[in-house]
Structures are given as C-alpha cells and as structure tokens.
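Reviewing the structure listed below.
We did not get these values from a lab; they are worked out from the coordinates using the rules stated. In this text, all values refer to a predicted model and were calculated from it rather than measured experimentally. For neighbour counting, all protein chains shown are included, and Cβ atoms are generated from backbone atoms with ideal geometry for every residue, glycine included.
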Amino acid sequence: MNYYTCENGYIGDYRGYEVHSIEPEDFTKEKGLSNPNIIFAVKNDAFSFSLVRDGYLIGDMNASGSIVLYRKKAKWIFKEKPKAKKEVKVKVDNNTEVKDYSEYSKTVDNFFVGLDKWWKDLEKDV
C-alpha cells in the first residue's frame, strides 16, 4: 500500500498510537500538541513521512509503511502561518472638487512638448 497517495487523516495504528497523515502546511503547533496519543505522519517531498508525536520528531516512515524510529527525540519546529494583513482604510474627502485637470498632467504634457521639438529637430537633419 502506498500511504503517501492516501487522503490525509487516519491511516492506521502503531504501538498503541493512532497514526494520521497530514500535509506540512496543515500541521500547526495547536494540532501537533493537542493530542499526545496521535502520531502525525507529516508528508515530505521525497514520498516519505516525518513521524511527530507530542511536538517531537520520533522517526521516519516511507510510503509503504516501513518505520525507522530515532534513538533520541528531537523537537519539531512548527512552521508559523503568515499573519493576516490588516486592511488599511483610507478616508477620502468627497468635498474636494477639481476644476482644472491640466494641473495634474503638467509633467506628461511637458514631456510630449519636448518630444515634439525633438522630432522636428530630427526631421530637419534628414
């Protein structure tokens, strides 16, 4: 059986613990520390799993289910989800009236005047 292609969730038992497969982006600190009686099989990109129980990396499992336990446990480093950005509200003063838009386009207008002069000078040289 290929456990890597199975849906996430309960995939079996190991030494009295339930084993649940999970995607790395879904494996949060809250989930990983919430139930010490579950071994989470966190999917790796190499078709294998990191086995995590109660916040500690305890071993590896390949896609066919073979498990290698570590002699010493290592703390699992949980990836923090990016915090949602706060929406910034801009207050707009609706009482402002613009009567002459040419004030806002002066830079662009000056560019085209200069461009016209450049074209005329270029045509004289030809």
Q.
With n ≥ 4 as the cut-off for DSSP H runs, can you work out [θ] at 222 nm for the chain, using -39500 (n - 2.57) per run divided by the number of residues, rounded to the nearest 500?
A. -6500 deg cm²/dmol
Q.
To check my understanding: the extent here is largest minus smallest coordinate of the Cα atoms along each principal axis. What are those three numbers for the chain, in Å, largest first?
A. 89, 50, 28
Q: At most 16 other Cβ atoms within 10 Å and a DSSP loop assignment: could you name the trypsin sites (Lys or Arg not before Pro) in region 58-87 that fit?
A: 79, 83, 85, 86
Q: With 31 Å as the limit, write out which pairs from 43/83; 31/86; 43/89; 29/72; 86/106; 43/85 have Cα-Cα distances beyond it, or answer none.
A: 43/89; 86/106
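Would you mind computing the Rg to Rh ratio of region 3-75 from its alpha-carbon coordinates, Kirkwood style for Rh?
Using Cα coordinates only, the ratio equals 0.91.
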Q: Find how much the distance from residue 8 to residue 89 grows on full extension, using 0.36 nm per residue of separation minus their present alpha carbon separation; answer in nm with one decimal.
A: 25.2 nm
Q: Would you mind putting 53-63, 26-36 in packing order, based on average other-beta-carbon counts within 10 Å, highest first?
A: 53-63, 26-36
Q.
Quick check: the angle from helix 106-125's long axis to the longest principal axis of the chain, C-alpha only, nearest 10 degrees?
A. 60
Q | Förster-model FRET efficiency, 22 Å R0, residue 17 and residue 77, C-beta, rounded to 0.05 | A | 0.55
Q: Using the Cα centre as the reference, give the magnitude of the dipole from point charges on the C-beta atoms of the chain (Lys, Arg: +1; Asp, Glu: -1; all else neutral), rounded to the nearest 20 debye.
A: 900
